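Shown next, in structure tokens, is the structure this report addresses.
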Amino acid sequence: MELLVGGWKPFSLVDVQGAITFTVWACGCNLKCPFCHNWRQAEWMDCAPFLEERFLNDLMESREFVDYVHLTGGEPTLQPELVKKISSLSKSNGVPFSLNTNCTTKQALELIRLADHVAFDVKVPFPALSGLDGKAGAVWETFERCTDELAKSGKPVEIRVPVAKGLTSKHVDVVKRIVYKFDPEKARVVVNPLVGPPLTEPRDEGWCKEHCYPGRMDEEEERFWASQFPEYKVKVKRWIE
Ligand code: SF4
């Protein structure tokens, strides 16, 4: 099967917290998150074949300056051969490989082993944030297994928490339970308040009107999230200051 990507950016300061990355966007995704900004690529639109030679040329020019090649999406594990290819090209050129996965596919359970660093979201409430509604149960079980495996592996991880308006303490407890699977020395928590148009172009604007923040969280809510994981390094993201 042809390997399909949305493109890549040889230098990025915004894809992994505190790191410079060479970021590659994979096409396709198994989830339907209503807040997704990359939904076109997730739906296999705006995609092009992966051109290895061009990728290698760009990697050669940037490899001394980047901390990771970061493969994101979409959901990269829908194209296992792409994950293997990018992992191998990165490592053979001396650049550690970082994988952003939603950790909800069977393939992810295997492919996380190839990564030197893994980023994943904790989407809570999962049925609404994954867009799977009534079909979310088995997929969440895979997510639990994937995060168990990752925690056991001891790899460095970035745990991203997309926050919709109106989460309850029950939801926060689920996020904490997932975060606390990980060694605080190996995990960084990034809290992402979900924002809607005009700052973003989400898959479901109607959903976002109701559940996304107009710009940023108020300061009290930011402080709340910043204090929830005292043993961990936590960053609460702001789209606008
Ligand atoms: S998992 Fe990521 S790429 Fe897939 S639909 Fe959700 S936000 Fe979009």
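Fewest to most neighbouring Cβ within 10 Å: what's the order for Ile112, Ile20?
Ordered from fewest to most neighbouring Cβ atoms within 10 Å, Ile112, Ile20 come out as Ile20, Ile112.
Among 74-80, 132-138, how do they line up by average Cβ neighbours within 10 Å per residue, starting with the highest?
Per-residue mean Cβ counts within 10 Å order the peptides as 74-80, 132-138.
If I model region 74-138 as equal point scatterers sitting on the Cα atoms and use the Debye formula, what is log10 I(q)/I(0) at q = 0.14, 0.20, 0.24, 0.27 Å⁻¹?
So the normalised log intensities are -0.46, -0.78, -1.00, -1.15.
Which Cys residues of the chain have no other Cys Cβ less than 4.7 Å away and so no disulfide-compatible partner by this rule?
Cys29 - these cysteines have no disulfide-compatible partner (Cβ-Cβ under 4.7 Å) in the chain.
Using just the helices of the chain, give the 222 nm mean residue ellipticity in deg cm²/dmol: DSSP H runs with n ≥ 4 each add -39,500 (n - 2.57), and the total is spread over all residues, rounded to 500.
Helix-only estimate at 222 nm: -10000 deg cm²/dmol.
Fewest first, what order do Arg54, Arg113, Arg216 take by the number of other Cβ atoms within 10 Å?
Going from sparsest to densest Cβ surroundings: Arg54, Arg113, Arg216.
Taking DSSP loops as anything outside H, G, I, E and B, show the longest stretch in the chain free of chymotrypsin sites (Phe, Trp or Tyr not before Pro) there with at most 16 other beta carbons within 10 Å.
In short, 66-179.
Cut-off 10 angstrom, C-alpha nodes, Gaussian network model of the chain. Which of Leu129, Leu82, Leu199 fluctuates the most?
Leu199
What's the center-to-center distance, using Cα atoms, between region 145-188 and region 120-144 in Å?
Region 145-188 and region 120-144 have Cα centres spaced 14 Å from each other.
Please report the equivalent ellipsoid semi-axes of region 4-236, computed as sqrt(5 x eigenvalue) of the Cα gyration tensor, largest first, in whole Å.
27, 20, 18
May I ask what percent, to the nearest 5, of DSSP beta bridges between residues of region 4-236 are antiparallel?
Percentage antiparallel, nearest 5: 20.
Please work out the FRET efficiency for the pair Glu219 and Thr168, using the Cβ-Cβ distance as r and a Förster radius of 25 Å; give the result to the nearest 0.05.
It comes out at approximately 0.75.
Amide H of Gly7: which non-local residues (sequence gap of 5 or more, or other chain) have their own amide H closer than 5 Å, using H built in the peptide plane?
Answer set, sorted by chain and number: Trp25.
Output the relative contact order of region 4-236, whole-number percent, from Cα pairs under 8 angstrom with separation of 6+ residues.
Averaging sequence separation for qualifying contacts and normalising by length gives 18 percent for region 4-236.
Would you mind ranking Arg177, Arg203 so that the residue whose beta carbon has the fewest other beta carbons within 10 Å leads the list?
Arranged by neighbour count, lowest to highest, Arg177, Arg203 become Arg177, Arg203.
Straight-line reach from Lys165: which lysines have Cα under 21 Å away, leaving out those fewer than 8 places along the same chain?
Lys32, Lys123, Lys176, Lys209, Lys235, Lys237
Residue-wise, which Karplus ³J(HN,Hα) couplings in Hz belong to region 121-127, taking 6.51 cos²θ - 1.76 cosθ + 1.60, θ = phi - 60°, and x for glycine or proline?
In residue order, the calculated couplings are 8, 10, 8, 9, x, 4, x Hz.
Once amide H atoms are built 1.01 Å from N in the peptide plane, which residues 5 or more positions from Lys235, or in another chain, come under 5 Å H to H?
Under 5 Å from the amide H of Lys235 lie the amide H atoms of Val189, Val190, Val191, each far enough along the sequence or on another chain.
Select from region 46-119 those GluC sites (Glu not before Pro) which occupy a DSSP coil region and have at most 16 other Cβ atoms within 10 Å, ordered by residue number.
Glu64
No value in this document is a laboratory result; all are computed from the given coordinates. In this text the structure is predicted, and so the values were computed from the model without any measurement. Counting neighbours? That spans all protein chains shown, and the Cβs are built from the backbone with ideal geometry, glycine included.
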